[in-house]
Amino acid sequence: MPLTPLYTYVDQNRETFINRLIDYVRRPSISAYGEGMGEVADYLVTWLNEMKFNARLVPTKGWPMVLGRRSDAPNAPTVLLYGHYDVQPPDPLDKWITPPFEPTIREGRLYARGVGDNKGQHFAQLLAVESLLKLNNTLPCNVIVLLEGEEEIGSPRIADFVRDYKDELQADLVIISDGPVDTSGRSRLEFGVRGIVTFELKARGANQDLHSGNWGGVAPNPIWTLVHLLATMKNGEGEITIDGFYENVGVPTELEKAALKNLPVDVESIKRDLDLKEFDQPLTRGFFDRLSLQPTLTINGFHGGYGGPGSKTVLPHEAFVKCDIRLVGEQTVEEIFGKVEAHVKKHAPNVEFIRGGGMDPSRTPLDSKYTDPLFKAITHAQGEEPLIFPAMGGSLPNYVFTKTLGLHTFVVPYANHDESNHAPNENMELDRFIKGIKTGAAMLTYVGEMKK
């Protein structure tokens, strides 16, 4: 199936596609408090059915899943396209140059909440499907579309959904377009994601705040309690010191090590941009090794006591800290939750450990039989070879595809590296959006040329 006519068709319909994207991202779909979720889900199901997919909303205990399937090629593979239709809350509103749900084009970029994460990216995938159908009346492979409504709140129900609907999700591979391209501007072909667990530690002292002169050295200070506990969890050399933490990190393959070594990075430029003198310990660790192969323990926020102007000599009665841990290799959410909880009980038994959400890491082998056709398709559509990333630094619920369904899963980002997702003034370069449509069509075409 030649792709040049399709590329021409996409270019000819550039303005129409952009206007349709504007109409889509104008519609709020904020999973955190529900604004617009039902309307956007219905919009997607209607569009899929117009493309002759067998599509419907699948209810969950939270927001529904959008699920559709079209089977055109019995001898070709089936591709599962995953994305999410929910977006982050737009706060703080006063930091937006233009309102978050009034999409605005400035200097070749479309600014709107959710345009990069993830509406613009899965919209490009669906336009790729639509464009193939407009030109050929059929698809080169079979396609399942799964769009989630709770990714931005941690995908709490997708694991149960995938288990319950395993038969309807039978595919050969998964393609996800999410996240940014490389800082160099080149596309990425990503084979894995780190997992994550979030938790809170809460310490209490007296039943009220106390005068630090009258009670300091007598009543315990919950802030110091948490400081001492956190100091037992990570040392100055950057090593996480929770018992057994590294047991299942695993060893990278030779292909993974070679791929990381080939990735371009200007470390000094990054440090200048971030106004950093040096990176975190250990200083000998490589940049991409940190982001792909190493677990982390991050303090997201520390709260307690007085934080206003001037001083207040108070001994606070409570304090809490929020943390996340990024998981790699064969680490699992339950394993790490258990080890952190045991560590807290050992070192600070009076501190309350509160579990948050979690996702297991996901990994696809670099020598997958789908690597070559996807690599060639991206190169054909974008005019340059993508960079091979063993794993992205962030987290997606890809484990449900690799572990529950046993499918090789790939992430091919379309958004610019400075998309400001989750932040004010989220944006997407329109050239990348159009290129994403072409890339999506090319990937389906190249995979379709493989025999099942």
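The residue pairs whose first member lies in the stretch 117-140 and is within 30 Å of N425 (Cα to Cα), whose second member is small (G, A, S) and part of a helix (DSSP H, G or I), and whose beta carbons are closer than 7 Å, counting only pairs six or more residues apart or on different chains, are Q121/G436; A124/G436; A124/G440; Q125/G440; A128/G440; A128/A441; S131/A441. Only one entry of N235, N221, N262 meets the criterion of being exposed (fewer than 13 other Cβ atoms within 10 Å of the Cβ), modelled with pLDDT of 95 or more and not small (G, A, S), and that entry is N235. Test each condition in (1) in a helix (DSSP H, G or I); (2) in contact with a strand residue (DSSP E or B) (Cβ under 6 Å, 6 or more places away or on another chain) for V79 and report the one that comes out false. Here V79 meets the rest and fails (1). Yes or no: the stretch 345-366 includes at least one residue that is closer than 30 Å to G205 by Cα, part of a helix (DSSP H, G or I) and touching a strand residue (DSSP E or B) at 6+ places or on another chain (Cβ under 9 Å). Checking the stretch 345-366: at least one residue is closer than 30 Å to G205 by Cα, part of a helix (DSSP H, G or I) and touching a strand residue (DSSP E or B) at 6+ places or on another chain (Cβ under 9 Å).
Residues in the stretch 54-109 that are of a type in the set (K, R) and closer than 22 Å to I22 by Cα: 3 in all.
Scanning the stretch 48-91 for residues that are among the charged types (D, E, K, R), closer than 22 Å to Q121 by Cβ and either more than 22 Å from the chain's Cα centre (by Cα) or not assigned by TED's automatic domain parsing to the domain that holds D167 (or both) returns E50, R69, R70. Scanning the stretch 330-344 for residues that are charged (D, E, K, R) and assigned to a helix (DSSP H, G or I) returns E334, E335, K339, E341.
The set of residues from the stretch 22-37 being touching a residue at least 24 places away in the same chain (Cβ under 8 Å) and assigned to a helix (DSSP H, G or I) comprises I22, Y24, V25, M37.
A quick yes/no check of all residues on (1) in contact with a Pro (Cβ under 6 Å, 6 or more places away or on another chain); (2) of a type in the set (K, R); (3) surrounded by fewer than 18 Cβ atoms within 10 Å (Cβ to Cβ):
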{"position": "N19", "(1), (2), (3)": "no, no, yes"}
{"position": "E39", "(1), (2), (3)": "no, no, yes"}
{"position": "W47", "(1), (2), (3)": "no, no, no"}
{"position": "M51", "(1), (2), (3)": "no, no, no"}
{"position": "R56", "(1), (2), (3)": "no, yes, yes"}
{"position": "T78", "(1), (2), (3)": "no, no, no"}
{"position": "Y85", "(1), (2), (3)": "no, no, no"}
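Note on the stretch 375-431: enclosed strands (runs of 3 or more DSSP E) holding 2 or more residues that are touching a helix residue (DSSP H, G or I) at 6+ places or on another chain (Cβ under 8 Å) and under 18 Å from E148 (Cα atoms) are 408-411. Out of the residues in the stretch 306-349 meeting the condition of being closer than 26 Å to H211 by Cα and charged (D, E, K, R), tell me which one is surrounded by the fewest Cβ atoms within 10 Å (Cβ to Cβ). Per the stated criteria, the residue is K312. When V45 is tested against the conditions (1) over 22 Å from L169 (Cβ atoms); (2) under 24 Å from the mean Cα position of the chain (by Cα); (3) without any contact (Cβ under 8 Å) to a residue 60 or more places away in the chain, the lone failure is (1). Scanning the stretch 350-377 for residues that are modelled with pLDDT of 95 or more and hydrophobic (A, V, I, L, M, F, W, C), we see that the one that is surrounded by the most Cβ atoms within 10 Å (Cβ to Cβ) is A377. Would you call A391 modelled with pLDDT under 95, within 17 Å of the chain's Cα centre (by Cα) and either surrounded by fewer than 23 Cβ atoms within 10 Å (Cβ to Cβ) or under 30 Å from I325 (Cβ atoms) (or both)? Taking the combined requirement at face value, the residue satisfies it. The residues listed here are D182, D164; of these, the one that is surrounded by fewer than 17 Cβ atoms within 10 Å (Cβ to Cβ) and over 29 Å from A423 (Cα atoms) is D164. Taken together, D280, D324, D275, D289 contain a single residue that is among the acidic types (D, E) and more than 22 Å from V193 (Cα to Cα), which is D275.
For R113, indicate whether it is among the basic types (K, R), crowded, with 24+ Cβ neighbours inside 10 Å and at pLDDT 95 or above. Taking the combined requirement at face value, the residue satisfies it.
For T16, the conditions (1) modelled with pLDDT under 95; (2) closer than 21 Å to A112 by Cβ are fulfilled apart from (1). Strands (runs of 3 or more DSSP E) fully within the stretch 92-167 that include at least 2 residues being in the same structural domain as P77 (by TED's automatic domain parsing) and under 20 Å from the mean Cα position of the chain (by Cα): 142-148.
The values are calculated or read from the model by the stated rules, or taken from the named source; none is laboratory data. Worth saying up front: this structure is predicted, and the values here are computed from it rather than measured. In this analysis, Cβ positions are derived from the backbone assuming ideal geometry, glycine residues included, and neighbour counts consider all displayed protein chains.
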